[in-house]
Amino acid sequence: MIIVTKPTISESELDHIRERIEQLGLRTHISRGEHRIIIGCIGDESLLRDVPLLSFAGVESATPVLKPYKLASREFAASPTVVKVGDAVETHIGGRSLAIIAGPCSVEGIDMLRETAVSVRAAGARLLRGGAYKPRSSPYAFQGLGEAALEMLAEVRAETGLPVVTEVMDPRQVELVAEHADVLQIGARNMQNFALLSEVGRVQRPVLLKRGLSARITELLMAAEYIMAQGNRDVILCERGIRTYETATRNTLDVAAIPVLKAETHLPVIVDPSHAGGRADLVAPLAFAAVAAGADGLIIEVHPRPSDALSDGDQSLSLDAFGDLMRSLGPFAAAASRTLPAHASERLAAVAS
Ligand code: PEP
Ligand code: MN
């Protein structure tokens, strides 16, 4: 902690600050400038966390030296974390292979879910998304099929082999959702629901943590820290666009968050271009940008008939559009030294030749 004093500080005020810091077991280093004194606090900075330093007479500012997050920080792990979902390298999140997660915003029924899963798998997706519990802005909007949708997701996973990512909104649902899903999603609106974060921190399931609508990068990392502090170290961060003054898009994709997060944390970072842009025609360009900027994967909304979707139809890709996107992603993946799961038709061609 570095404390800068006001020019008016008296010697007794300075002594009082020093005494309080030293009582806590830290040492102080005083550096006297022409107008201000800088007090360097040496020792365990966390001991000062709850000391209201600005309330001390004579203090102008107090700046922590250390990051408030530890387990999520880059220094904590020697190498980037790869979150192991399922057995295949292509379903692991954070390795060289780009993790491609696709599926409907909401699970609307078993047939549409199966149709989507089979198609996105053929196009190269290796994990299936689908909301069972939906965080809707209106209480009158479709809220998801709940437990029935969890069962559909598990059934389609059994048929296709695609691990399932689905949102959990309430600490009371965590156990049930964890029984059915491979990855627990914490939605943007719940990024700072600390009871929920702690609860998913206590289960043995990877957590996909989406950035809050107006959350700073540090707040996202602190939310990850909540989960990790409970013992669950398998956290995947997701940039999904933030609120800005721009209204041409649903949110503003913060592309810079990708390299910033990569520098700050060892956790994998994926991008949701669907919720960022809010329009199907923006999904591909935002996905390209995300991959080029170093994202470890993408989560994309796909619906067999977007115009019939019960939620987020405007931003959902049709099955064909998702196939086109996967085909055009190749050069961006290569430029970022990433591999993509092979498109099924390419795999078949390779087997035939
Ligand atoms: C979703 O993934 O369908 C969703 C609601 O996302 P977000 O929490 O990012 O809005
Ligand atoms: Mn959605």
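Worth pointing out:
- Antiparallel content of DSSP bridges confined to the chain, in %, to 5: 35
- Charge dipole (debye, nearest 20) of segment 39-147; +1 at Cβ of Lys and Arg, -1 at Cβ of Asp and Glu: 300
- Segment A77-E151, length gained on full extension (0.36 nm per residue, minus Cα span): 23.0 nm
- Protein-only accessible surface order, largest first, of I3, I242 at 1.4 Å: I242, I3
- For the chain, the spread of Cα coordinates along the three principal axes comes to 81, 44, 40 Å, biggest extent given first.
- Between helix 319-335 and the chain there is an angle of about 50 degrees, using the helix long axis and the longest principal axis of the Cα atoms.
- Accessible surface of segment 1-40, 1.4 Å probe, proportion on carbon and sulfur as whole %: 48
- Across the options L220, N190, A149, the greatest Cα extent toward the positive end of the charge dipole of segment 119-221 (unit charges at beta carbon of Lys, Arg, Asp, Glu) belongs to L220.
- Carbon-plus-sulfur accessible fraction, segment 49-203 (probe radius 1.4 Å, protein heavy atoms only): 53%.
- With 27 Å as the limit, the listed pairs K84/K262; K67/K134; K210/K262 have K67/K134 beyond it between alpha carbons.
- Carbon + sulfur, % of accessible area of segment 226-323 - ligands and nucleic acids excluded, 1.4 Å: 53
- Probe 1.4 Å, protein heavy atoms only - accessible area per residue of segment 214-316 in square angstrom: 36
- In Å², nearest 10: area of H35 left accessible to a 1.4 Å probe: 130
- Peptide packing for 270-278, 6-14 was compared via the average number of neighbouring C-beta atoms within 10 Å per residue; ordered from the highest value, the list is 270-278, 6-14.
- The helix-only estimate of mean residue ellipticity at 222 nm for the chain, built from DSSP H runs of length n ≥ 4 each weighted as -39500 (n - 2.57), is -10500 deg cm²/dmol after division by the residue total.
- For segment 36-193: accessible area per residue (Å², 1.4 Å): 44
- Cβ-placed point charges (K, R +1; D, E -1), dipole of segment 198-353 about Cα centre in debye, nearest 20: 280
- Charge dipole magnitude, Cβ of K and R +1, D and E -1 - the chain, Cα centre, debye nearest 20: 540
The values are calculated or read from the model by the stated rules, or taken from the named source; none is laboratory data. What you are looking at is a predicted structure, and each value in this text was computed from that prediction instead of being measured. Virtual Cβ from ideal backbone geometry, glycine too; neighbours counted across all protein chains shown. Ligands, DNA and RNA are excluded from the accessible area calculation, which covers all protein heavy atoms including side chains. Shrake-Rupley method; radii C 1.70, N 1.55, O 1.52, S 1.80 Å.
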